[in-house]
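Student: A single structure is presented below for examination.
The values are calculated or read from the model by the stated rules, or taken from the named source; none is laboratory data. As the structure is a computational prediction, the values presented were derived from the model and not from experiment. Backbone-built Cβ (ideal geometry, glycine too); neighbour counts: all protein chains shown.
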């Protein structure tokens with residue numbers, strides 16, 4: 001390989017490396033653009049339109065949009081098409097604009113979708129939960145338990161217990177995820193519950209998953225076990241709620257279900 005070709009190859013590799021770094025630097029624009037689209041109600045507007053929707057039609061259908069910002073909706077749509085949340089369709093040969101339609105991913109963001117993951121999106125991208133990431137480097141250098149402790153001066157659970165908005169948001173997140181998981185669990189893993197007479201959903205929150213299991217297997221005695229303030233005033237027919245501390249005692253049952261809780265604790 002001659003010197004010019006070698007330099008050209010090295011330059012190409014350097015540019016690829018720079019692009020890789022830039023892609024990660026600006027990665028947050030994908031999630032924040034998605035959050036913006038949900039806040040503006042764009043998935044529901046396109047769904048209610050009933051057919052591919054142009055940017056011009058979308059702008060006209062956004063009631064709170066500042067007219068001076070209308071030209072930027074096209075840019076927002078471009079990044080969300082690139083991210084796979086919307087797709088473009090040619091309307092006709094003489095059309096000056098393409099139409100936009102939903103994808104399977106954006107259908108999970110519709111308000112009326114029973115399997116909506118919008119609560120998860122809103123909670124994870126809330127400043128309360130994004131701020132701790134600014135302290136990750138500092139966390140590696142001190143004795144704080146989590147970056148959340150540094151950012152807010154208390155643990156997540158302490159913060160949530162004094163902030164109803166965050167506490168309710170967390171419960172909504174767990175419930176929305178449980179609805180999706182339960183639909184798969186009950187359909188694909190029925191054999192798992194065969195031979196069981198009782199089951200405890202440990203850390204089961206407000207009981208969305210437990211209720212689905214209890215309804216699908218009416219002869220199975222189901223108990224939702226969580227902190228007293230979480231299960232307080234919960235009532236769901238054949239589903240039993242028990243409050244307590246799982247590190248002290250867990251209700252006796254044939255099986256214990258652990259869903260999305262092990263990440264909160266260390267190995268010990």
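Student: Only one residue in 236, 260 is surrounded by fewer than 16 Cβ atoms within 10 Å (Cβ to Cβ) and at pLDDT below 85. Which one? Let's see the steps before the verdict.
Tutor: Numbers: 236 fails: surrounded by fewer than 16 Cβ atoms within 10 Å (Cβ to Cβ).
Result: 260 is the single residue among 236, 260 that is surrounded by fewer than 16 Cβ atoms within 10 Å (Cβ to Cβ) and at pLDDT below 85.
Student: Going by the structure shown, is residue 161 assigned to a helix (DSSP H, G or I), at pLDDT below 90, out of contact with any strand residue (DSSP E or B) (no Cβ under 7 Å at 6 or more places or on another chain) and over 24 Å from residue 28 (Cβ atoms)? Write out each step before concluding.
Tutor: Working: assigned to a helix (DSSP H, G or I): yes; at pLDDT below 90: yes; out of contact with any strand residue (DSSP E or B) (no Cβ under 7 Å at 6 or more places or on another chain): yes; over 24 Å from residue 28 (Cβ atoms): yes.
So residue 161 fits the description; yes.
Student: Mind checking which residues of region 205-230 are within 30 Å of residue 163 (Cβ to Cβ), in contact with a strand residue (DSSP E or B) (Cβ under 7 Å, 6 or more places away or on another chain) and surrounded by fewer than 20 Cβ atoms within 10 Å (Cβ to Cβ)?
Tutor: Of everything in region 205-230, those that are within 30 Å of residue 163 (Cβ to Cβ), in contact with a strand residue (DSSP E or B) (Cβ under 7 Å, 6 or more places away or on another chain) and surrounded by fewer than 20 Cβ atoms within 10 Å (Cβ to Cβ) turn out to be 227, 228.
Student: Would you please list the contacts, defined by Cβ atoms under 6 Å and residues six or more apart or on different chains, that run from a residue in region 149-165 that is over 16 Å from residue 134 (Cβ atoms) to a residue that is surrounded by fewer than 17 Cβ atoms within 10 Å (Cβ to Cβ)?
Tutor: 160/167
Student: Check residue 106 against each of (1) surrounded by 18 or more Cβ atoms within 10 Å (Cβ to Cβ); (2) out of contact with any strand residue (DSSP E or B) (no Cβ under 9 Å at 6 or more places or on another chain); (3) touching a residue at least 40 places away in the same chain (Cβ under 8 Å); (4) assigned to a helix (DSSP H, G or I) and name the one condition it does not meet.
Tutor: Only one criterion is unmet by residue 106, namely (2).
Student: Where residues in region 73-96 are closer than 19 Å to residue 33 by Cα and surrounded by fewer than 12 Cβ atoms within 10 Å (Cβ to Cβ), which of them is nearest to the chain's Cα centre (by Cα)?
Tutor: Of everything passing the filter in region 73-96, 82 is nearest to the chain's Cα centre (by Cα).
Student: I'm told residue 197 meets every condition in (1) closer than 24 Å to residue 235 by Cβ; (2) surrounded by 13 or more Cβ atoms within 10 Å (Cβ to Cβ); (3) in the same structural domain as residue 231 (by the TED database) except one. Can you identify the failing condition by its number?
Tutor: The failed condition is (2).
Student: If you don't mind, there's one more thing I want to ask. Within region 196-218, work out how many residues are without any contact (Cβ under 8 Å) to a residue 24 or more places away in the chain and in a loop (DSSP other than H, G, I, E, B). Walk me through it before giving the result.
Tutor: Keep residues of region 196-218 that are without any contact (Cβ under 8 Å) to a residue 24 or more places away in the chain, which gives 215, 218.
Now narrow it down to the ones that are in a loop (DSSP other than H, G, I, E, B): 218.
Adding up the residues that qualify gives 1.
Student: Among the residues in region 77-93, are any in contact (Cβ under 8 Å) with a residue 40 or more places away in the chain, assigned to a helix (DSSP H, G or I) and closer than 30 Å to residue 182 by Cβ?
Tutor: yes
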